[in-house]
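To start, the structure under review is shown below, and the notes come after it.
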Amino acid sequence: MARPVALDTGGAAIRCEAVTKSFGKVAAVASITVTLAAGRTTALVGPSGCGKSTILRMIAGLEAPDSGTILLGSDPPKAVARRGGLAMAFQDPSLLPWRDVRANVALGAELARKPADAVDTLIELVGLGGFAGHRPAELSGGMRQRAAIARSLVSAPEILLLDEPFGAVDAMTRSRLNAELPPLWRDRGTTAVLVTHSVEEAVVLSDRVLVLSDRPARIVADIAIDLAPDQRGHDTQAVRALAQDVFSTLELKD
Amino acid sequence: MVASRSVLWLAVALIAWEALDRALHDSVLVAGPIAILGHLMDNAGLLARATAETARNAVLGFLWGNLAAAALAALVVVVPRLERVVSALALLLFSLPLIATGPILRVLFGPGNGPQVTLAALAVYYTTFLALLVGLRAVSQSWTDLMAIYGRGRWSTLLRIRARASLPYLVIGLQIAAPAAFLGAMIGEFTGAERGLGVLTLRAMRGLETEATWALAVLSAGTAMAAYGAIGWLGGRALGYVPVILLSASRPRASRSFAARLIEAAGIALLVVALWQVAMDAFDLNRFFAKRPGDVLTFLATPANRQTLLAALGETIAFTIPGYVAGLVMGAGLAALLVLSPPLERATMPIAVALRAVPIIATAPLLVLAFGRGFTGTMVIVAVMIFFPTLVACLQGLRQAPGQIVDLFGLYSASRWHLLRSVRIPAMLPAFFASARMAVPAALLAVTTAEWLATGRGIGVLMAMTASTSDYNMLWSCVAALGLVAAAFFAAVALVERAVLARYAPEQLA
């Protein structure tokens, strides 16, 4: 049995103040001002290409805003990154093919310069117990995504960024991962931001859904998701009703 | 099964070879396997010492050259802005035929193994550099993002991710480098050493000793191929797989205007001249043999000097181009024919891949024996040098034809020729031109080496003469002229490539 490990992170709030971004002549993000509460999961949804990934990448410090400021707690993203306070899961699990699952998960701690004592616990928790010695090539798509989530949690990040992490797996695997993995960060008080194409997934995983307009991205709706844990499933009445609310605010063109 | 069939083929080849030797009784052309074996056994001590000497120089050059390649590749990946200049300089230096660099190094180093080691290093650094560039960049963006998320920079990404990701590509680079290093060391020995296989080869050729010439060619090609095989085997065992990649200088980008490219070329030329001057001054090399750019300009201002140089250069170019074209056409043509017959293609590919690595120069003396010291012999050496790399590259290119389009043609029962013409050849063009660019240095090396060794014409022999008569002004002028020719040749190929791709594969220029 895995021994208990402190993974509580005391997440920080994310403050975006009048943030804009364009690429050449294309305006990707119009002025966005929003505060994402500490310890909560916020989902960004919107039409494809609307700039939601750009917002996520700016919070991650991977892109710099043209104007405006982003603070994680009281620090700019790069400073938080340098002290190992950030983690991210991508659509592509981006595991290193030459490392086995254990070493891939440990990479998160290694890069964040944090102790690696939670590695085995997390491998158990994401359901990869028997696969710690396997290389990514020997795993299914869903298993690789589990390993990537474990890697992103192993450093006990203050802020967890999720860029379509379940976008590349099939629908059945996706709904299982949606049910099994989010409690790992929700229950530990990590501040999380999720970008997803799936409105239902946004509702199931988050405490708040921000609906973005077509490019340049603005926030057109801000919907609180107040669900008890047992209501968070893909086919519950409550989820369907909230998903309907979110859909009605989306500007879908085709 | 495969092994036993290979042994069978080898036995058939050896018997045919021996029969040919018997049939051409008393000829100076061919020595049979039995005679070669006899020569190897009779001179075992001498040959072992010579092989050890050449191998030692090759190994030292292999180490230095690959270290330099790794350093250059790492620099370019960490500071991408330097890529164009570093790549252009690396290519220019690589395009200078080793046989031209050899005499210069000989006068700079004096006696000893300095030139052999340096030439071996020069022979290997460029292909390893290219392989590493591909490998260090074989990294997905999410990996580099991952590093940035944890606040890690370029160096950390280089060490933790890129270095490891590039290992399979490094294996390919090292594999190709092994015979090349051997070749470089031998050319160093051609240009005036006391010991080694190159020295023995020269002696055997000059004495018209057929058995010795064959025995030395077999010995040096065999040693080089053994190193090639050993590195591939070790790499495959250590990594589990080795990818297939084309090694070629990157194509000049199309988006840039002609004027911009001209300015860049001029800038690089100035940089080369400045580096030349600074290097000579920095080591305070004697002006008597270490000529500066100014010395060469003054020397070439005299019409008689200019005429001698241009006459020799003209001969060399006239010998190079037919061989170059023949090698490319035969390589691409055979590839196109082979792809019509998949079983034949599968059988040919591994042989062609292995033969690509044979140091053709080591067999040049044999080709000279067979085809004479004139135009035909030189042309054959150039063509053979280019043929195998082109064949391999084009076979790989032909496989790039998108499977669904091939299926589409099959669905309409289109003929193989139709498919070849409309789909496969356009898909092959980028690989063809990639090998056409890499064939430029190879052709210049082959032609100058043939001239130096055998034909007694062209700039190769002019350099050999000036080196022995201490006419260092002419020697340096020859090297500078060859550098210019290489650059112009390369630019001409790139121009043709652009025109053809614009017509048949415009997506490649995007």
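FYI, it's all coordinate maths here, none of it is from the lab. These numbers come from a predicted model, not from an experiment. For neighbour counting, all protein chains shown are included, and Cβ atoms are generated from backbone atoms with ideal geometry for every residue, glycine included.
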- Message: Need one number: the % of Cα-Cα pairs in the protein assembly as shown sitting beyond the 39 Å mark.
- Response: 50
- Rel. contact order, % - alpha carbon contacts under 8 angstrom, at least six apart, chain A: 28
- Message: Could you tell me the relative contact order of segment B:388-510? Use alpha-carbon pairs under 8 Å, at least six residues apart, and round to a whole percent.
- Response: 24
- Hydrodynamic radius by Kirkwood, which averages 1/r over all alpha carbon pairs of segment B:93-205, in angstrom: 16.1
- Task: Subtracting the Cα-Cα distance from 0.36 nm times the residue separation, let me have the gained length for B:Ala370 to B:Ala35 in nm, one decimal.
- Result: 118.9 nm
- Query: Which net charge results when you count Lys and Arg as +1 and Asp and Glu as -1 among the other residues whose beta-carbon is under 15 Å from that of A:Gly24?
  - Reply: +1
- Size of the dipole of the protein assembly as shown about the Cα centre, Lys and Arg at +1 and Asp and Glu at -1 on the beta carbon, nothing else charged, in debye to 20? 740
- Query: What are the ³J(HN,Hα) values, in whole Hz, obtained from phi via the Karplus relation 6.51 cos²θ - 1.76 cosθ + 1.60 with θ = phi - 60°, for each residue of segment B:396-405 in sequence order, with x given for Gly and Pro?
  - Reply: 5, x, 4, 6, 6, 4, x, x, 5, 5
- Item | Separation of the B:Ile405 and B:Arg287 label points, Cα + 7 Å toward Cβ, nm | 6.1
- What is the spin-label model distance, in nm, from A:Gln231 to B:Val500 if the labels are put 7 Å beyond Cα along the C-beta direction? 6.9
- Note on the structure: Inverse of <1/r> over all distinct C-alpha pairs of segment A:86-156, i.e. the Kirkwood Rh in Å, gives 11.5
- With 10 Å bins from 0: P(r) over segment B:357-510, alpha-carbon pairs, percent: 10, 28, 28, 19, 11, 4, 1
- Item | Sum of -39500 (n - 2.57) over DSSP H runs of 4+, divided by residues of chain B (222 nm, nearest 500) | -26500 deg cm²/dmol
- Message: At 7 Å along Cα-to-Cβ for each site, give me the label-to-label distance between B:Val79 and A:Glu180 in nm.
- Response: 4.9
- Candidates A:Gly73, A:Gly129, A:Gly51, ranked by Gaussian network fluctuation over chain A, Cα under 10 Å, top entry: A:Gly129
- Note on the structure: Taking trypsin sites (Lys or Arg not before Pro) in a DSSP loop with at most 15 other Cβ atoms within 10 angstrom as exposed, one finds the longest site-free stretch of chain B at B:288-510
- Query: Once you charge only the Cβ atoms, +1 for Lys and Arg and -1 for Asp and Glu, what is the size of the charge dipole of segment A:95-254 about its Cα centre, to the nearest 20 debye?
  - Reply: 440
- Item | Angle between chain A longest axis and helix A:171-180 axis [Cα atoms, degrees, rounded to 10] | 80
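Please compute the average number of Cβ atoms from other chains found within 10 Å of each residue's Cβ in peptide B:370-383.
Per residue, the number of nearby Cβ atoms from other chains is 0 on average.
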- Query: Can you give me the relative contact order of segment A:145-254 as a percent, contacts being Cα pairs under 8 Å and 6 or more apart?
  - Reply: 22
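Between B:Ser156 and B:Gln307, what FRET efficiency comes out of the Förster formula 1/(1 + (r/R0)^6) with R0 = 56 Å and r the beta carbon distance, rounded to 0.05?
Values: r = 58 Å, r/R0 = 1.04.
With a Förster radius of 56 Å, E is 0.45.
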- Note on the structure: Summed over the other residues with a beta carbon less than 13 angstrom from that of B:Ala274, with K and R at +1 and D and E at -1, the charge totals 0
- With +1 on each Lys and Arg Cβ and -1 on each Asp and Glu Cβ, how big is the dipole of chain B about its Cα centre, in debye rounded to the nearest 20? 1420
- Message: Suppose the Debye formula is applied to equal point scatterers at every Cα of chain A; what is log10 I(q)/I(0) at q = 0.12, 0.15, 0.17 Å⁻¹?
- Response: -0.68, -1.07, -1.34
- Message: Using a 10 Å cut-off around each Cβ of peptide A:84-94, what is the average number of partner chain Cβ atoms that fall inside?
- Response: 4
- When the Karplus curve 6.51 cos²θ - 1.76 cosθ + 1.60 is applied with θ = phi - 60°, which whole-Hz ³J(HN,Hα) does each residue of segment A:33-44 get, with x for Gly and Pro? 10, 7, 10, 9, 5, 4, x, 10, 9, 10, 9, 9
- Query: Counting partner chain Cβ atoms within 10 Å of every residue's Cβ in B:147-158, what's the average?
  - Reply: 6
- Query: With Cβ to Cβ distances under 14 Å as the rule, what net charge do the other residues near B:Glu345 carry (K, R +1; D, E -1)?
  - Reply: +4
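How about segment B:404-446: which chymotrypsin sites (Phe, Trp or Tyr not before Pro) there are in a DSSP loop, with at most 14 other Cβ atoms within 10 Å of their Cβ?
Sites meeting the loop and neighbour criteria: B:Tyr412.
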- Note on the structure: Answer check: segment B:31-509, Cα atoms, Kirkwood Rh, Rg/Rh ratio of 0.97
